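Below: one structure, written as structure tokens.
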């Protein structure tokens, strides 16, 4: 029920459609969509996808790193640093 509500709300916000569900492996498709949007310079769309990725898979360091890349591209340096630190703590590879 929660997934259905989340997809409906995301669709209303111009986010993923009901056909775009969270894959079994986590947030991989959300991350991929966000990174692709970032590469195209579509910051708003990238933000939507990557924030969704960290919501659906908060323990996936790839999602946090991708969101950090977006924040860096937006010039939000301190937030990018904090997000990268969060990602490295999830995998235990912090310097």
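A few remarks follow.
- The order of 91, 56, going from fewest to most other C-beta atoms within 10 Å of their C-beta, is 91, 56.
- Length released on extending from residue 81 to residue 43, taking residue separation times 0.36 nm less the Cα-Cα span: 11.8 nm
- Rounded, prolate or oblate (a/c below 1.5 giving rounded, otherwise prolate when a/b exceeds b/c) for region 28-95 by Cα gyration tensor: oblate
- Efficiency of FRET from Cβ geometry, residue 74 and residue 29, R₀ 35 Å, rounded to 0.05: 0.95
- Footprinting exposure proxy ranking of 83, 67, fewest other C-beta atoms within 10 angstrom first, gives 83, 67.
Bear in mind that the values in this text are calculations on the coordinates, not laboratory data. Just so you know, these numbers come straight off a predicted model, no measurement behind them. For neighbour counting, all protein chains shown are included, and Cβ atoms are generated from backbone atoms with ideal geometry for every residue, glycine included.
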